[in-house]
Each structure stands twice: as structure tokens, then as C-alpha cells.
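The values are calculated or read from the model by the stated rules, or taken from the named source; none is laboratory data. Here the structure is a predicted model, which means the values were calculated and not measured. Note that each Cβ is placed from the backbone with ideal geometry, even for glycine, and that neighbours are counted across all protein chains shown.
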Amino acid sequence: MHISKVTLVNYRNFAKSNFYFKKGINTIIGENGSGKTNLFRAIRLLLDDSIYSSAYKLDEGDFNRSLQSWKGHWIIISIEFEEISKDEAIQALFAHGTAVLEEGEEDSKATYNLYFRPKADIRLRLAELAEGDASGLQTLLDSIDIRENYETVFFGKSTVDFSDPEVYKNLVGDFDNVKFPSIFDSSLYGVRVPNQLSVAKEISFTFIQALRDVVSDFHNNRTNPLLALLKSKSGDIEESEFEPISKMVKDLNNGIETLKDVEIIRDDIKSTIRDAVGETYSPSKLSIKSNLSEEADKLLQSLKLFVGEPEEDYEGGIHELSLGGANLIFLTLKLLEYRYRKTKGTFANFLIIEEPEAHIHTHIQKTLFDKLDYSDTQIIYSTHSTYISEVSDVSSINILAKKRNFAEVYQPSTGLSTKKITQIQRYLDAVRSNLLFAKGVILVEGDAEEILIPLLVKKVLGLSLDELGISLINIGSTGFTNVAQLFHDSRIRRKCSIITDLDKAFIDTTILDGDGDKLKQFKTKAKNSQVSGANRKVILDEFVDENDWISVFYAENTFEVDFVTAGNSPEVDNLVNIIYSQAAKRTQASADLASEDIALYGKRILTMANNEGKGWFAIMLGGYITDQTIIPDYILDAIIFAKQSFSRSLIATVVEYRIKANSESIPVADFAETRKELRDYVDGKIEIDRMMVLIAAIIPDDQIMDFLDYM
């Protein structure tokens, strides 16, 4: 039996979301605040029998903030199971309340739901409202108190998708049109599950919380995993085996109590009390006793764990370990606790692990979670680690995307064939799997783009790609479709820009009789590259057609050539004296770069880049990128597409950066006035067209105008 689906409606930052899971190991990926912890909390409310009963008393803060008002609405948490056990006890359990039966078949699928809803009297009063009676609805809603008028109930055997807005209206009601149901259809929404038939009591469920302060957890009797293990084993000790130890403890207690110094202290306490308050008010008896427990469970709990770091002889307490070492020990003990628990004959085993990578070395992360596989257990873990996501099966990943007041959930393998999933899996190493975490993605074909585009953005716009939430991924080839297919309306709904070269020839490729061998070779290569570039454009344009999440941005020639074409020949000219040792060649190279003839500067920069190696040439060139370097239009287009939207404050940050970059040529008065206008823009008092007029008046030729045009 395993969880196949979790649906969350109106719960915390989930408005209407579906998570899909497979047998074995599943991964939840998401940025901070995207809802990973909330998902695990929801699952625990249904499956964790160790959670406090007060946790079921939800409140206003548990409702999704996208609701105008929580009053009258429901929170729905629904878990769907597949491959239900044929065990007689479990069949009886699900037959009573949670099984979804196919005619003539045993239970193979089941649902278990939590409804946090208005109590029956409120639901009845809602149903009695006349359709469209908005004032009556508001009066009723105003009277609702969450503590007095809401209840938490458990249902099963539902057959609907609760994330469907129409299903929600039919079950809960249509608040806009004031139309509320008077009948609860149990064939659709399920039947109530009695408390004595709780699924949580019949399964093995272990939750390992995020590893934030495990040293404190070891000092807390409630959270110490070693104590949990010792308690679980204390009941298994044979009485005859423990009896000699118990006698030794009794003798030890007696020995401590009869120590001469202990008896002296006891007598001194007695006499001091008697001297202070007199015989009448003094205690009748007073002893100092050793309180070492003679019971197995309590005695075992006095044990402490001592550990030595790898390749060290010293063995110390948990507090002496490194953070990573302590976290690894804590995680190991929790896994062992889970193994003990699952031996108790439950019909399903679930292990939930929250962000386990904290302070753990990357090699350990990969090794640990590559090996974390129990054949009879479903494992669900959340992570920020690209190293863990690298060894995760892409078909078992759910990705969380943070939006305003809610989160979206993506399944990156939806609709892809096994072959395509395998291609993606092979490709997503620790660096490239970063694209699963990004708000936007740019795919490039080579080292030069990977090195220089981030630097261009930082130097020219004053913001890093990381600040923009964009991951730039070097494909290392022109095979973009293998990765870009992840970005789709049914998979990852994030913008993906593809940057590639058309490789259009900038010289006449006709081979003439007088051409030398090197020139013939250059022309042939240029012609072949042009053909390849044109074919690549046909393939990519067809690939992205009707997919709003992907767009392709082409360099007319190559990245290096288009960089100079944009007006950046001075930056490249800085490398002439470094690359060329002979004065004549330096003079010719500088002349070629300064020329307006693309045949001259194009061939020159490609010669320089190829001789040095394009990656190394890009590193050298990066040292001369300044705030006055020009970002080629196609790259700026790609950045803006991947970012998708810029807030007013972000636009204002870029504008102010560009003004500062040109501050030497701007009068102080103009700079002060523009800053005031920027504040007005951020506050929504003026629009961007008004700001563009102001900016154009002080830095009309700056590339910020191109940036603002896109906005």
C-alpha cells in the first residue's frame, strides 16, 4: 500500500493543489516558504498517531490567504492510497469507510480525508439562504466563530477530485452566487470514518523533522532519538537477564546512602532544622537516598551516546561533534527507530524526511540518499539540495513554486515517455538540476555564454541572475530539447529561454580559384555552420510552437561576433596586447576590431577566441566588462522572458543603478529629482511611461532605455 495522491484545498499556502507519488522514494523540491513543511504537516494530520490532539484544532491562520474571508469555507486534506493490502483486517477497515471499490473487485484504492468545516447548524443555515441573498450570507458569516462553529472530521471512500472548483462549489457552496447545498452526497464525498477505525493506528509512520538544532534535541527527553530506541527495546529484556543488574543497582544505592560523608550531611541538616524551628516543627524523618532506578526502561534511559569523528581516536559526547556529524548521527538514529517500528506487523510503512541535508557533506548526501531505499516502504523527503535532487528519480519529483498567497505544484515527468524521462535523468547532474529550483531558466550552448552572461547582467543591470531567480544552465551542445521539454503547461510552468547561435556566415563563402587552403577551410566551415544553424532554427521554432513557457533567442552569428556587433569592440581590444606579441599583429587586430565591416571584426574575434579556447577567452574578457558594456539585444530579450515579470521596486533598483553608473555626466539636481520620481513610481503614483520620459532627459543614450522599453 502506498500514497498515490495528496490533495490540499484551502490549507495554508495551498489553494487547490495535487501532489502525485509513486512507490519507493519520492522527492519534494521547493524554495523557502513554498510549502514543503505544510505538506508534511497535512500528511501527518491524517497518518501520524504521535501528533498532539491539539493539532487538529485548526484556526484562521490555517486557511489559505487567497480567500477573501475564511468564514464558511472548508479546509480539505485528502490522501489517496493504491495497492491496498488484502489482509483481512485492513479489508475490513477500508470496507467500513475508506475504500473505493470497483465492481466485482477487492479494495485496490482508498481515500482518507480530513474536513475542517462549519458545524451542521451553520451548514444548514447556509443551505436555507435564498439564492443570491448576499446580505443574508454576510450577516451569517459575520456571526461565525472558528472555535465554536467549526469541527474537524475524517471521511473516506470519496470519488471526486477536491481540487476541481466545481466539486468544491457542489460540496461547500458557491459564495459568489450565494448557493449552498442542502444534501451531502456520500457516493461522491465519502462517509465518515469512526475514530476507532483510524488509519494512523494501523500503519508504521515515521517523521524525521528538519535537522536544525539536533544537539538540543538530544538533551530533550521528548525528542531524543536514542531514548526512543531504548524505550522501544526495554520491554524486550528478559526478567531473568535483568535481575542481576537490578540487584547491583540496589546495592549501589545502599552503598551511596551509607557513605560516611552522606550520613554526616544528613545529620547536619536535621540538627540545623531543629535549631532553627525547634523540635515541634522539625520533620519527623529525613533521609538522603540514591535514586538510581531499578527498572529497565528508566535505567536504559540514563545511557548516553559517545561518538568519534571519522579518522579520529577521540570519542566524545554529541555536543562535541561537528554540526554535520551530529546531524548524521541524529538522522541515523531516526532511521533505526523507523526500522524498529516497522517490525511490528503494520500493513504499510511510511517514512517522511524533511530537508535532511543540513550541514551534511555533499558526498554523504548523495551516498546516503542513493542508498536510502527500503523495498517495503514509501519514502517522501523534501530538499533544497541539488546533490540530493541529482540522485532523485525525475518521475518521482514534485516541485513547489511560490506564488502570491499560494503555491503551485508541478510534476516534471507528466506526459513524457520512459525514454525521454531517462534522457532527462542522465542529464540532470548536481549543477544542471539547479534548474528544478529556479523561478526562470536560461539554457545556453557553451562556456562563453555561461561565463559572460551572468557577469554582463551583474555589471550592466546591477543585479545578479540569482537575485532575479534565474538559473543559467550550460547544455554543452545544441541539444536543448532534451531539457527544455520539462517546461510545459502540464509539467513545470516556468519560463525557459534558449540562447543559441544562428551561425550565419559573415563572409562570402564562395570558394574562389585564388583562395589558399586555410581560407577554403574557413569558408567551408562557415558555410556548414550556417546550414546547421538554419536547420537548428527550424527544429527549435517547431519545438516551441504553441508552448508559452519556452522561447528561443538567436545570435545572428555567434556569441562572440554579436558581442562586438552590439558595440563592445573596446572591451575585446583590451586583450589584443595580451594575446598578440608582435606589434604588427597587434595593430592589425585593433584595426579589425574597430572596423564596421563584420567580415573583419567577426573573423578577428573568432580567431582570438579559438586560439585561446572560447572558455578561457571568456574568462579573460570578463575582466574588462564594465557598467558601460552593452548587453546584446537577444540576450536582454532572453533575460526578460525568463524573469517573466519585474516588480516596480526591482525596475527602480535597475534604474537607480544605471543613473549612478552615469553619475559623472549627470547634474546633482537632476539626480535628486529623478530619485524622487523613482520613489513615486515604486509607490504607484506614476507609471513607467512617465518615468521613461524623465530618464530619457538625463541619460537618453544609456541602454536602460532599451530595458524600460521591454517593461
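If I filter region 502-519 for residues that are of a type outside the set (A, V, I, L, M) and under 25 Å from the mean Cα position of the chain (by Cα), do I get at least one hit? Before the answer, list the steps.
Step one: list which residues in region 502-519 are of a type outside the set (A, V, I, L, M), which gives 503-504, 506, 508-510, 513-518.
Next cut, under 25 Å from the mean Cα position of the chain (by Cα) only: none.
The answer is no, given that none of the residues of region 502-519 is of a type outside the set (A, V, I, L, M) and under 25 Å from the mean Cα position of the chain (by Cα).
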query = Which one is surrounded by the most Cβ atoms within 10 Å (Cβ to Cβ) among residues in region 1-17 that are more than 17 Å from residue 155 (Cα to Cα) and in contact with a Ser or Thr (Cβ under 8 Å, 6 or more places away or on another chain)?
reply = 1
Output for region 266-276, where each listed residue is exposed (fewer than 12 other Cβ atoms within 10 Å of the Cβ) and of a type in the set (A, V, I, L, M) = 276
key: Enumerated strands (runs of 3 or more DSSP E) restricted to region 13-125, each holding at least 1 residues that are polar (S, T, N, Q) and either closer than 30 Å to residue 144 by Cβ or at pLDDT below 80 (or both)   = 14-20, 75-82, 109-118
remark   = For region 439-469, the count of residues that are under 25 Å from residue 412 (Cα atoms) and crowded, with 23+ Cβ neighbours inside 10 Å equals 5
ask   = Name the pairs: first residue in region 622-644 and in the same structural domain as residue 461 (by TED's automatic domain parsing) and without any contact (Cβ under 8 Å) to a residue 60 or more places away in the chain, second residue buried (at least 16 other Cβ atoms within 10 Å of the Cβ) and acidic (Asp, Glu), Cβ to Cβ under 8 Å, at least 6 apart or on different chains?
value = 624/571
task = State all residues of region 661-673 that are surrounded by 14 or more Cβ atoms within 10 Å (Cβ to Cβ), in a helix (DSSP H, G or I) and at pLDDT 80 or above; if no residue qualifies, say none.
result = 661
ask   = So is residue 497 within 24 Å of residue 626 (Cβ to Cβ) and polar (S, T, N, Q) or not?
value = no
